[in-house]
Structure formats: C-alpha cells, structure tokens
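The values are calculated or read from the model by the stated rules, or taken from the named source; none is laboratory data. Predicted, not measured: the structure shown is a model, and the values here were computed from it. In this analysis, Cβ positions are derived from the backbone assuming ideal geometry, glycine residues included, and neighbour counts consider all displayed protein chains. Ligands, DNA and RNA are stripped out before the accessible areas are found, and what is left, the full protein with its side chains, is counted by its heavy atoms. Shrake-Rupley method; radii C 1.70, N 1.55, O 1.52, S 1.80 Å.
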Amino acid sequence: GGGRMRPWMYGVATMLAWGGWIVLGELAGRSIDPRMAAAISYVSATAIAVVYALIAGGGGQLTAVGVGFAIVAGVGAAIGVIATYVGISSGSTAVVATLGGMYFVIAALLSVVVFEEPLDLQTILGIGLAIMAIVVLTTGR
C-alpha cells in the first residue's frame with residue numbers, strides 16, 4: 001500500500017512516544033502517587049487503543065487463544081508500567097528507562113525460541129551491546 005508506514009517508522013514512533021511517556025510519567029509520579037499515575041496512564045492508553053482498533057478495522061473475529069495471549073500480554077505490560085512508574089519515582093529515570101528499554105533483549109531471545117527466528121551475528125552483537133549498557137549504567141550505583 002502506498003500510504004502505509006514502513007516497519008522502521010513504527011519503531012521510531014514507538015521510541016518517541018515511549019521516550020515522552022517516561023518523562024511525563026516521572027512528572028506525574030512527582031505530583032501524585034506513582035501507582036495511581038500508572039493506573040491513570042493505562043486507562044487513557046486503553047481508551048485510545050480501543051478507539052484506534054475500532055476505527056482502523058481491528059474488530060475482526062476474536063479467538064479464545066488470541067484473547068488469552070492478549071490478556072497475558074496486558075498483564076506483562078501492566079507489571080512493566082507499574083515497575084517503571086515506581087522505579088522512576090524512587091531512583092534515576094535514566095537508569096530505570098534504559099534498563100526497562102532493554103525489554104527487546106528478552107523479546108529477541110524469546111523470538112528465537114518461540115518463532116524460530118535466526119540468531120544471527122547482528123542479533124548477538126546487539127544483545128551483547130545491550131548487556132554491556134546495563135553493566136555500565138548499573139555498576140557503582
């Protein structure tokens with residue numbers, strides 16, 4: 001399709017949106033309890049996601065398996081957002097955001113196992129550099 005975004009564009013949109021979300025989340029967590037800020041953030045995110053799914057034609061057939069995976073994914077997302085809000089309210093936003101942003105390491109490793117994606121040199125190097133970033137950011141803190 002001519003008007004469709006390329007996958008890397010979604011990645012950039014994700015990076016920008018989540019980068020802003022972290023900073024705004026810290027501001028919210030400084031003004032109200034971080035757990036409540038996380039809940040309010042996810043209520044607004046849920047409303048937007050539902051409206052988007054309906055407008056974009058995402059109301060197709062639901063299956064029990066698909067809904068189940070979506071619910072479990074939501075549990076993971078909720079744990080992540082609560083941990084982020086509580087973490088940034090009690091420590092370094094740079095460290096919490098960077099470590100939280102390393103979720104892609106877990107996703108990359110699981111995709112090799114679950115989806116049988118190849119574990120090529122680029123993926124191994126990327127994961128290795130991410131692990132080095134974690135060590136650099138957390139050593140001595």
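Observations
- Whichever residue in the stretch 85-108 is over 19 Å from GLY20 (Cα atoms) and at pLDDT 85 or above and, among such residues, is most open to solvent (accessible area, probe 1.4 Å): ILE106
- If you filter the stretch 3-22 down to residues that are open to solvent by less than 90 Å² (accessible area, probe 1.4 Å) and part of a loop (DSSP other than H, G, I, E, B), you find that the one that is farthest from ALA83 (Cα to Cα) is GLY3.
- Positions within the stretch 23-51 being outside any helix (DSSP H, G or I) and aliphatic (A, V, I, L, M), in sequence order: ILE32
- Considering the stretch 52-74, the residues that are assigned to a helix (DSSP H, G or I) and open to solvent by less than 80 Å² (accessible area, probe 1.4 Å) include one that is nearest to ILE22 (Cα to Cα), namely GLY74.
Rundown of residues vs (1) of a type in the set (D, E, K, R); (2) touching a residue at least 60 places away in the same chain (Cβ under 8 Å); (3) within 27 Å of THR138 (Cα to Cα); (4) in contact with a Lys or Arg (Cβ under 7 Å, 6 or more places away or on another chain), yes/no style:
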{"residue": "GLY11", "(1), (2), (3), (4)": "no, no, yes, no"}
{"residue": "VAL50", "(1), (2), (3), (4)": "no, no, no, no"}
{"residue": "GLY60", "(1), (2), (3), (4)": "no, no, no, no"}
{"residue": "VAL65", "(1), (2), (3), (4)": "no, no, no, no"}
{"residue": "PHE69", "(1), (2), (3), (4)": "no, no, no, no"}
{"residue": "THR93", "(1), (2), (3), (4)": "no, yes, yes, no"}
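- The stretch 23-42, residues that are farther than 9 Å from TYR85 by Cβ and touching a residue at least 24 places away in the same chain (Cβ under 8 Å): VAL23, ARG30, TYR42
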